[in-house]
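Beneath this line is the structure, given in structure tokens, with notes to follow.
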There are 2 protein chains.
Amino acid sequence: MTKDTVRDKIVEAAKKRFSHFGYGKTTMAEIATDCGMSPGNLYRFFPGKLDIAEAIASEDYETHLAQARKIALAPGRSARERLRDLLFVELRRTYHKLEKDPRVLEMATQIGHERPQYVNWMLANERKILVELMEEAEKRGEMMPPGDKEEIAEMIQSATMKFRYPQLWSKLSLAKLERELDGVLNLMFQGLCPCSEAEREKERKAAHAAA
Amino acid sequence: MTKDTVRDKIVEAAKKRFSHFGYGKTTMAEIATDCGMSPGNLYRFFPGKLDIAEAIASEDYETHLAQARKIALAPGRSARERLRDLLFVELRRTYHKLEKDPRVLEMATQIGHERPQYVNWMLANERKILVELMEEAEKRGEMMPPGDKEEIAEMIQSATMKFRYPQLWSKLSLAKLERELDGVLNLMFQGLCPCSEAEREKERKAAHAAA
DNA sequence: AGACTGAATGCTTTGTTGATTATTTACAAA
DNA sequence: TTTGTAAATAATCAACAAAGCATTCAGTCT
């Protein structure tokens, strides 16, 4: 039996236990027994319990990323339509996932708390997709904002972070969240008080001086 | 001795204790003794301990609101400059306040956790100021985005919530936070991919259909 | 050697007890 | 009636013991 097969077996067993009893309530000993091995042996395949959870999360995340990339590059939709689609799909997906079962939320908070680096890695991946979206738009000759695309992606994430893991930040209903996301997108798309670039530049200087 | 005088005395005593020992570590009995009365009597002036904290917070908040309103209506600055000033001042103010002393943070989290209504009330107040800012801009003939001002204010808050109580949501440094706020504001001001209103309308219909 | 075990370790969680403390209430003074 | 007290209650907290568990490792088997 190859090493990867065993790894998969462990992940499968853990997935069953975690989704049934929750992360906190399943022990390494139980996972080991389910795989017909001793607890100690698990550590030859994973550094620790949380890493098994990460492996499970990553599986899910891979398919999510693929889906997101497809939306970001969907033909026949404008850049802004694609961005809107992307954020709405993410909002609904995570909302429902966290809503339907508290076990997932438990694992999410656990990982988010003890592995901030992992969260950063996810954000970076999604930023890469946003950049691809913008590059694609530029290639198609759509109007694009000036400036570094990676930075713009960061700001989009910053302005929409509330909608990324909705249940962690607020207790708003999905309907309310969707309305707010729509509003924030409109704000970003149309811009407050649209006017000339020159005027904007002057303004930023004034802001800098005041600070 | 009038009722309000006693109330003030209680608030003063509590303020001293809270800022010195923290909310959790001061007892109602101590506050009462400081005021030369029995613990039970405090309840003739406040429904509970947390309400005393609220009273203290509100005192501070009033001066904050006044300052914010002044910034929002400052002469000689454009609407966007004023909005930028407002958000930056708020960011720095709360960041430093929470940074400098954990006692304030303790009270803030306590109130935020057990009195979500109070937080809503604060947000509503600040929204009112944003609306005033926009109305003032309109009066001065500055270019304004179309739509309900109250709603726009809500969306601005939504997009900038990360900067309102920075320490509660992330562990970013003030410098990083300022850069992000700057970026988000630019995003809102210039708008992603500026283009015609008609095109935007078409887009929203498409988004609706897709949902 | 390489794969694996299961007992040992030390950390975290849980349960329990006793004290503190917010809040209520029955009563007293003015 | 208003203003207050202080004892009673009930909820929470702190301290500490007991379990339980993730993780490690000395050692077995192949």
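Note the distances from B:Lys139 to each other copy's matching label point, with points 7 Å along the Cα-to-beta-carbon direction, in nm, sorted shortest first.
Nearest first, the other copies' label points are 5.2 nm away.
Among all the aspartates and glutamates, which ones have a C-alpha under 17 Å from A:Lys9's C-alpha, if same-chain residues fewer than 8 places away are not counted?
Straight-distance partners of A:Lys9: A:Glu30, A:Asp34, A:Asp51, A:Glu54, A:Glu59, A:Asp60.
Sort B:Val184, A:Val131 by Cβ crowding within 10 Å, fewest neighbours at the top. Kindly include the intermediate steps, with their values, before the conclusion.
Working: B:Val184 24, A:Val131 18.
Going from sparsest to densest Cβ surroundings: A:Val131, B:Val184.
Grab the eigenvalues of the alpha-carbon gyration tensor for region B:130-196, scale each by 5, take roots, and send me the semi-axes largest first in whole angstrom.
After diagonalising the Cα gyration tensor, the semi-axes are 26, 15, 11 Å.
For A:Gly24, which inter-copy label distances result when the label point lies 7 Å beyond Cα on the Cα-to-Cβ vector, reported in nm to one decimal and in ascending order?
A:Gly24 label point versus its equivalents elsewhere: 1.8 nm.
What shape does region A:1-41 have by the C-alpha gyration tensor, where a ≥ b ≥ c are the square roots of the eigenvalues, rounded means a/c under 1.5, and otherwise prolate means a/b greater than b/c and oblate the rest?
Verdict is oblate for region A:1-41.
With point charges of +1 on the Cβ of Lys and Arg and -1 on the Cβ of Asp and Glu, referenced to the Cα centre of region B:32-121, which listed residue (B:Ser78, B:Gly112, B:Tyr95) lies farthest in the positive direction of the dipole?
B:Ser78
When chain A is turned about an axis onto chain B, which of its residues keeps its C-beta closest to that axis, and how many Å is it?
A:Gly191, 1
Please report the Cα spread of chain B along all three principal axes, rounded to whole Å, starting with the longest.
Here the spans come out as 69, 37, 36 Å, largest first.
From the square roots a ≥ b ≥ c of the eigenvalues of the alpha-carbon gyration tensor of the protein assembly as shown, which class results: rounded (a/c under 1.5), prolate (a/b over b/c), or oblate?
Oblate, because a/c is 1.5 or more while a/b does not exceed b/c.
Distance between Cα centroids, region B:1-43 to region A:69-138: provide it in whole Å.
First find each Cα centre; the distance between them is then 49 Å.
Of the cross-linked pairs A:Lys25/A:Lys162; A:Lys25/B:Lys25; B:Lys149/B:Lys171; B:Lys49/B:Lys97, which ones have a Cα-Cα span greater than 25 Å in the structure shown?
From the list (A:Lys25/A:Lys162; A:Lys25/B:Lys25; B:Lys149/B:Lys171; B:Lys49/B:Lys97), the Cα-Cα distance tops 25 Å for A:Lys25/A:Lys162; A:Lys25/B:Lys25; B:Lys149/B:Lys171.
Modelling each spin label as a point 7 Å along the Cα-to-Cβ direction, I'd like the A:Ser19/B:His96 distance in nm, to one decimal.
Spacing of the two 7 Å Cα→Cβ label points: 5.2 nm.
Tell me the angle of helix A:116-139 to the major Cα principal axis of chain A, expressed in degrees between 0 and 90 and rounded to the nearest ten.
40
Just to confirm the filter: which trypsin sites (Lys or Arg not before Pro) across region B:77-142 are DSSP coil and have at most 16 other Cβ within 10 angstrom of their Cβ?
Hits after loop and neighbour filter: B:Arg140.
Ignoring everything except DSSP H segments at least 4 long, calculate the 222 nm mean residue ellipticity for chain B; use -39,500 (n - 2.57) per segment, divide by total residues, nearest 500.
-24500 deg cm²/dmol
Taking each label point as 7 Å beyond Cα in the direction of the beta carbon, state the distances from A:Leu65 to the same residue in the other copies, shortest first, in nm.
Distances to the matching label points in the other copies: 4.8 nm.
Using a 7 Å offset from the Cα along the Cα-to-Cβ direction at both A:Thr109 and A:Lys139, what is the distance between the two label points in nm, to one decimal?
4.2
Where a number appears in this text, it was derived from the coordinates with a stated rule and is not lab data. Predicted model only: the values in this text are computed from it and were never measured. Note: ideal-geometry Cβ built from the backbone for every residue, glycine included; neighbour counts use all protein chains shown.
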